[in-house]
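**Q** Got a structure for you, written out below as structure tokens; questions coming shortly.
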Amino acid sequence: MGQLATALVTMILGVLACAAYFYGSNALLDLIFPGKNRPASEIARNLRISNRIRPWLFLGPAVLILTFYLFYPVVDSLRLSFFGRTGEEFVGLSNYTWLFGSEEFYESFRNNMLWLIFVPTAATFFGLVIATMTDRIWWGNIAKSLIFMPMAISFIGASVIWKFIYDYRSGGDPQIGLLNAIVVFFGGDPQPWITIPFWNNFFLMIILVWIQTGFAMVILSAALRGIPDETIEAAVLDGANGVQIFFKIMVPQIWGTIAVVWTTITILVLKVFDIVLAMTNGQWGTQVLANQMFDWMFRGGGDFGRGAVVAIVIMVLVIPIMVWNIKRANAEMEGR
Amino acid sequence: MVISKKGSALTAVVHLTVLFLVVMWTIPTAGLFISSIRDKDQLSTSGWWTALSTSEQRLVERAASPESQTQENGLWVIRGNVLGDSEGEVTRFGSSSLKPEDFAAGETAELRRGIRLQVMANGDYEISSETEMQGRRGQRIFYTAEVPPRFTLDNYREVLGAEGLGKSFINSLTVTIPATIIPILIAAFAAYALAWMKFPGRGLLIAAVVGLLVVPLQMSLIPLLKSYNVIGEFFGVGAKTYVGIWLAHTGFGLPLAIYLLRNYIAGLPGEIIESARVDGASDFDIFRKIILPLSFPALASFAIFQFLWVWNDLLIAMVFLGNNEDQLVMTGQLRELLGSRGGNWEILTASAFITIIIPLCVFFGLQRYLVRGLLAGSVK
Amino acid sequence: MADVKLTNVKKVYANQVEVMRDINLDIKQGEFIVFVGPSGCGKSTLLRMISGLEEISGGTLEIDGQVVNDIPPSLRGIAMVFQSYALYPHMTVYDNMAFSLQIAKVAKDDIDQQVRKAAEMLQLTPYLDRLPKALSGGQRQRVAIGRAIVRRPKVFLFDEPLSNLDAALRVATRMEIANLKESMPDSTMIYVTHDQVEAMTLADRIVLLSAGNIEQVGSPLALYERPENVFVAKFIGAPAMNIIPCTVQSTGDHTEVSLSSGQAVTLPIKTASSEQGKPAHFGVRPEHLDIAGDGDAAILEGEVSFIESLGEATLLYIAVPGMDDMVIAKQIGTIPTQRGDKVRLVANPERLHLFDENEQSYRTE
């Protein structure tokens, strides 16, 4: 309880300090450069000055925090990748040569590529299918809500849930993992799913697909509802059947949204870490870049240089999406 | 929709397919929940889908120790019940792990040194001997019983108390609430400036925010950890503090917050803001009295996002908070259990369910806002 | 209550596009001025420059004798009614009207008194506790006006305030605004619209703008009867004035021109001899063209190619040989003319217009 009280007080203090900054800095600006009850020329001058300063009062904390937490680290990671394990002695490209020479890197790179292909595709596909079908049935909203639910579950929680699906008992013991129970029911032999090389990757990916399908579904469902009914009615009058309408009329109209969903999930996949950590910790050929990086940060006291190199690889993979996003945002703003 | 008039066969297929998918998507969670309220012996010997049926279990129970033996009619006797308080019906029993099913209930088994063991169907056992029995430990009785389904909250009691989950629940709250509110405040001001104030470099800043949106936060960990070490040393508080993790979550949440809120605030009608300006309101007044109340839906949806994200986060908590009891959050605790108690399903399932219950409540209660926020961020 | 004076006012955007050019305008206290013009002509920009929402790139703007170029909107003594009403959706009608006074930290009692007075005037008293979304379009419009009144401004600015209302409500609200003006004879009002009927009915003086320039300033009737150029002539009046290319044949107190159809017409308009033989534009409004009697000398002859019967009037679209555009003639009531009929048209010479090759009127008064 003592901790709860301290937590509560710190919470309130933190939030108040934040609010006080905004209130105080604005009041101060108004005090130094008053915009009222002064001769017109002075008001005009004061306003010109304070209008130039005020945006930066509003933006100040955000810019500072973004710089410290995201911008500076990107630059520093780049620097660290040329330094040794403590980040002090310069080692040139040796971290890079180590990385490109290591088996583990190729394994995690290959696995990351598998994740990148499989997860966004499967999640977007299921999302689109479910969005299309649930729009036509009366209990569609309940169905959507249930399929959306895994979004709220932590990766680690999801891992426990799925461990329970993939659980394996040898030989004649009753299986308590659902998947093996089904296999046995149909006369097959139970399998230790998460240790089967290569295929175990897919069993891990299914967990993320399970989580992300709801996200794809919600967004695609809104996009589908945004399609003007007239275009579909026109297609019906033109004699198109359901499948043709779906692929030739509906899907082309929501391409933009499908691309957004796809890239959002792709970014998430690049950062995926918790699931692998909890399910296998990279054993049995399931290593991915993010987990490898985390590993190197702490393994044997941590090797900052090697961790940073892996981080740089992840960053490089993200850059195309970043460029595409900025272009899209710019185009949108010009449209306004 | 026009297409749905194609006939009932197609409609039925759609209904069935959706039903199938919904079942596929909910079964894992349902399994977890059902498992977490089952008796721990049943949980580890039979699948959760059998929870409602009577299960046949092979169990072992140690009889009371010879110290409790009494003399009756010239015999030394130990009495008791293998089933304890629980219900069930014993079908077979035995006295060694090699022959656990040698005798049917009601029969009498001859053990070593003239000791006899009898176990009845209701679980009552009687060990009798003509001489006084020796030893401190009780006889082991192997038996097979038909056990009816048993549901219990014991698992929850155990994880909340002994496993320290209650404590980490509070730790999680301590991390989550400020890490949700602080970024909202900071982002809302920044979003207003980016949407409605004129200053040089605005376009560049917006592009920067969009760019930072996709920076993998793994990038930040090493440099930040180093900086935290230096700063912590300077203040003499160590690198792992709550303030540190609040600010870290704030930093990682800000790009999305600014992006979402800017989109929303820029979409507010410009004439309202101009009207307020004509009415004499300063930018600060406009923000406080017009923008904040009107942006409530967007603020709420980001709050839900950030809440779920922080509550469910493992990585940042592992890096910026310690592993001690005062700082371990629920996801971290769950991961510890996964490592140390991986075989104890009753502990894992109950813990997992406790960690996901708050996000699930938030999710189902505020789903409307969450969906609205998702759409504001993605669909134009 | 004050004069508004614009001297060489300019607006240049950051990309060097000049959207307002050397605007000079003198608005007297108590006048009702309407800015009218086609969309994109800069009328709203000009209004927003007066309000202070848009920066002035050059020249001076004076309100009440004081240069206010750099003064913020709230200190200029103006109030503005927006096209979308711009009511604060989360505040009640009362709070909407009280907002500016609360910002100015006026005493609570004074606020209350002023808000109730304005509400009384606009019949809004029963709705004071409602949110804007619970009001009809006309009521919202009145709240927006009330919000302006409460500030007791020297100058009222209206930015197309009726364009979001349906036709019937628009007429009713237009009359309300006219009444409002009458009840506050000292207030200066500047009103922007693209609808010439609103401009004609409300204005003391109309300022007709096109592409960042003032085309003509004058009373509604002056603009109708003596347009200074072809643009004004075509903009005011519906259907628009017929403009027919012609050549000046003889000059003097009366001018004779020959139309592109070959007819010669003499107008009681004075021209200089230097105009002799130059191309010009002859103008006549559809409502001033009549079907000629047998003996009359027609100014135009042609075949009716299309007829629109509006009930109160009939529009004849006449193809005149030698002319690209059809001539429109508006006749009162219904007339027996059929499609394909040959018609001859006459007009009162006093009602005719003549513009030079630069489209400026030859009339000088």
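**Q** Considering only residues that are over 17 Å from B:PHE296 (Cβ atoms) and more than 9 Å from chain A (Cβ to nearest Cβ), look in segment B:176-199 and name the one that is most open to solvent (accessible area, probe 1.4 Å).
**A** B:TRP196
**Q** Separate question: Looking only at residues that are outside any strand (DSSP E or B) and basic (Lys, Arg) in segment C:344-365, which one is least open to solvent (accessible area, probe 1.4 Å)?
**A** Filtering first and then ranking leaves C:ARG363.
**Q** Just the residues that are open to solvent by 10 Å² or more (accessible area, probe 1.4 Å), touching a residue at least 40 places away in the same chain (Cβ under 8 Å), hydrophobic (A, V, I, L, M, F, W, C) and assigned to a helix (DSSP H, G or I), please, taken from segment A:284-320.
**A** If the condition is that a residue be open to solvent by 10 Å² or more (accessible area, probe 1.4 Å), touching a residue at least 40 places away in the same chain (Cβ under 8 Å), hydrophobic (A, V, I, L, M, F, W, C) and assigned to a helix (DSSP H, G or I), then A:PHE304, A:ILE312, A:VAL313, A:MET315, A:LEU317 are the ones that fit.
**Q** State which residue is farthest from the other protein chains (Cβ to nearest Cβ) when the search covers only segment C:56-76 and only residues that are hydrophobic (A, V, I, L, M, F, W, C) and open to solvent by 10 Å² or more (accessible area, probe 1.4 Å).
**A** Result: C:ILE56.
**Q** Here is a list: C:GLY302, C:GLY311. Which entry is small (Gly, Ala, Ser) and more than 19 Å from C:ILE243 (Cβ to Cβ)?
**A** Going through C:GLY302, C:GLY311 in turn, the sole match is C:GLY311.
**Q** Let me ask you something else. Under 7 Å between Cβ atoms, at least 6 apart or on separate chains: pull out the pairs that start in segment B:1-22 with a residue that is modelled with pLDDT under 70 and end on any residue that is of a type in the set (Val, Ile, Thr) and surrounded by 10 or more Cβ atoms within 10 Å (Cβ to Cβ).
**A** Cβ pairs passing all conditions: B:VAL2/A:ILE232; B:VAL2/A:VAL236; B:ILE3/A:ILE245; B:SER4/B:THR11.
**Q** Scan segment C:77-85 and tell me whether some residue there is within 14 Å of chain A (Cβ to nearest Cβ), outside any helix (DSSP H, G or I) and surrounded by fewer than 22 Cβ atoms within 10 Å (Cβ to Cβ).
**A** Yes - at least one qualifying residue is present in segment C:77-85.
**Q** Count, please, the residues in segment C:122-140 that happen to be of a type outside the set (Gly, Ala, Ser) and either closer than 23 Å to C:VAL192 by Cβ or without any contact (Cβ under 8 Å) to a residue 24 or more places away in the chain (or both).
**A** Counting residues in segment C:122-140 that are of a type outside the set (Gly, Ala, Ser) and either closer than 23 Å to C:VAL192 by Cβ or without any contact (Cβ under 8 Å) to a residue 24 or more places away in the chain (or both) gives 7.
**Q** Please enumerate the residues belonging to segment A:64-81 that are over 13 Å from B:MET219 (Cα atoms) and surrounded by 18 or more Cβ atoms within 10 Å (Cβ to Cβ).
**A** The answer is A:ILE65, A:LEU66.
**Q** Another question, then. Within segment C:251-264, track down each residue that is over 15 Å from C:GLY322 (Cα atoms), open to solvent by 40 Å² or more (accessible area, probe 1.4 Å) and part of a strand (DSSP E or B).
**A** Of everything in segment C:251-264, just one residue is over 15 Å from C:GLY322 (Cα atoms), open to solvent by 40 Å² or more (accessible area, probe 1.4 Å) and part of a strand (DSSP E or B), namely C:GLU256.
**Q** How many residues does segment A:240-253 contain that are surrounded by 12 or more Cβ atoms within 10 Å (Cβ to Cβ), within 11 Å of another protein chain (Cβ to nearest Cβ) and either in a helix (DSSP H, G or I) or modelled with pLDDT of 85 or more (or both)?
**A** Within segment A:240-253, residues that are surrounded by 12 or more Cβ atoms within 10 Å (Cβ to Cβ), within 11 Å of another protein chain (Cβ to nearest Cβ) and either in a helix (DSSP H, G or I) or modelled with pLDDT of 85 or more (or both) number 6.
**Q** Tell me, which residue of segment C:101-132 that is part of a helix (DSSP H, G or I) and of a type in the set (Asp, Glu) is farthest from the chain's Cα centre (by Cα)?
**A** Ranking the qualifying residues of segment C:101-132, first place goes to C:ASP109.
**Q** Among residues belonging to segment C:310-337 that are within 25 Å of C:GLY262 (Cβ to Cβ), out of contact with any Phe, Trp or Tyr (no Cβ under 8 Å at 6 or more places or on another chain) and part of a loop (DSSP other than H, G, I, E, B), point out the one that is least open to solvent (accessible area, probe 1.4 Å).
**A** Only one residue fits best here, namely C:VAL320.
**Q** Here is a list of conditions, (1) within 20 Å of the chain's Cα centre (by Cα); (2) at the interface with chain A (Cβ under 10 Å from one of its Cβ atoms); (3) open to solvent by less than 10 Å² (accessible area, probe 1.4 Å), and B:ILE258 meets all of them except one; can you say which number that is?
**A** (1)
**Q** Against the definition (open to solvent by 30 Å² or more (accessible area, probe 1.4 Å) and either within 7 Å of chain A (Cβ to nearest Cβ) or in a helix (DSSP H, G or I) (or both)), how does B:LEU173 come out, yes or no?
**A** Against the criterion (open to solvent by 30 Å² or more (accessible area, probe 1.4 Å) and either within 7 Å of chain A (Cβ to nearest Cβ) or in a helix (DSSP H, G or I) (or both)), B:LEU173 qualifies.
**Q** Could you tell me which of the residues B:GLU346, B:GLU336 is part of a helix (DSSP H, G or I), out of contact with any Phe, Trp or Tyr (no Cβ under 7 Å at 6 or more places or on another chain), assigned by TED's automatic domain parsing to the domain that holds B:SER275 and free of Cβ contacts under 8 Å to residues at least 60 places away in the same chain?
**A** B:GLU336
**Q** Can you find even one residue in segment C:141-161 that is open to solvent by 10 Å² or more (accessible area, probe 1.4 Å), of a type in the set (S, T, N, Q) and either within 22 Å of C:ILE78 (Cβ to Cβ) or without any contact (Cβ under 8 Å) to a residue 24 or more places away in the chain (or both)?
**A** no
**Q** Could you tell me which of the residues B:GLY232, B:GLY238, B:GLY244 is outside any helix (DSSP H, G or I) and either more than 10 Å from chain A (Cβ to nearest Cβ) or of a type in the set (A, V, I, L, M) (or both)?
**A** Being outside any helix (DSSP H, G or I) and either more than 10 Å from chain A (Cβ to nearest Cβ) or of a type in the set (A, V, I, L, M) (or both) holds for just one of B:GLY232, B:GLY238, B:GLY244, which is B:GLY238.
**Q** Another question, then. Of the residues C:LEU180, C:LEU223, only one is among the aliphatic types (A, V, I, L, M), more than 29 Å from C:PRO73 (Cα to Cα) and either open to solvent by 20 Å² or more (accessible area, probe 1.4 Å) or assigned to a helix (DSSP H, G or I) (or both); which?
**A** Criteria check complete, one pass: C:LEU223.
**Q** While we're looking at this one, here's another question. For a quick check of your reading: which helices (runs of 4 or more DSSP H) sit entirely within segment B:267-324 and have at least 1 residues that are away from chain A (no Cβ under 12 Å)?
**A** B:270-278, B:296-312
**Q** Related question: Which members of segment C:115-133 meet the condition of being open to solvent by 10 Å² or more (accessible area, probe 1.4 Å) and either out of contact with any Phe, Trp or Tyr (no Cβ under 8 Å at 6 or more places or on another chain) or outside the structural domain of C:HIS90 (by TED's automatic domain parsing) (or both)?
**A** Matches in segment C:115-133: C:ARG116, C:LYS117, C:GLU120, C:MET121, C:LEU122, C:GLN123, C:THR125, C:PRO126, C:TYR127, C:ARG130, C:LEU131, C:LYS133.
**Q** Next question, about the same structure. Can you tell me which residue among A:LEU4, A:LEU70, A:LEU31 is more than 8 Å from every other protein chain (Cβ to nearest Cβ) and assigned to a helix (DSSP H, G or I)?
**A** Criteria check complete, one pass: A:LEU31.
One line per residue, one yes/no per condition, for (1) surrounded by fewer than 16 Cβ atoms within 10 Å (Cβ to Cβ); (2) β-branched (Val, Ile, Thr):
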position	(1), (2)
A:PHE185	yes, no
A:ILE194	no, yes
A:ASN201	no, no
A:ILE207	no, yes
A:TRP210	no, no
A:THR213	no, yes
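**Q** I've got another one for you. Is there a residue being assigned to a helix (DSSP H, G or I) and farther than 30 Å from B:GLU107 by Cβ anywhere in segment B:147-154?
**A** yes
**Q** Show the residue pairs meeting these rules: Cβ distance below 6 Å; 6+ apart or different chains; first residue within segment C:273-292 and without any contact (Cβ under 8 Å) to a residue 24 or more places away in the chain and over 19 Å from C:MET323 (Cβ atoms); second residue of a type outside the set (A, V, I, L, M) and surrounded by 14 or more Cβ atoms within 10 Å (Cβ to Cβ).
**A** C:SER273/C:THR251
**Q** Looking at segment B:281-300, is at least one residue buried (at least 19 other Cβ atoms within 10 Å of the Cβ), closer than 18 Å to B:PRO178 by Cβ and touching a residue at least 40 places away in the same chain (Cβ under 8 Å)?
**A** Yes - at least one qualifying residue is present in segment B:281-300.
The values are calculated or read from the model by the stated rules, or taken from the named source; none is laboratory data. Small disclaimer: the values here were computed from a predicted structure and weren't measured. Positions of Cβ are generated from backbone atoms using ideal geometry, with glycine treated the same way; all protein chains shown enter the neighbour counts. Heads up: the accessible areas ignore ligands, DNA and RNA and are worked out on the full protein's heavy atoms, side chains in. Shrake-Rupley method; radii C 1.70, N 1.55, O 1.52, S 1.80 Å.
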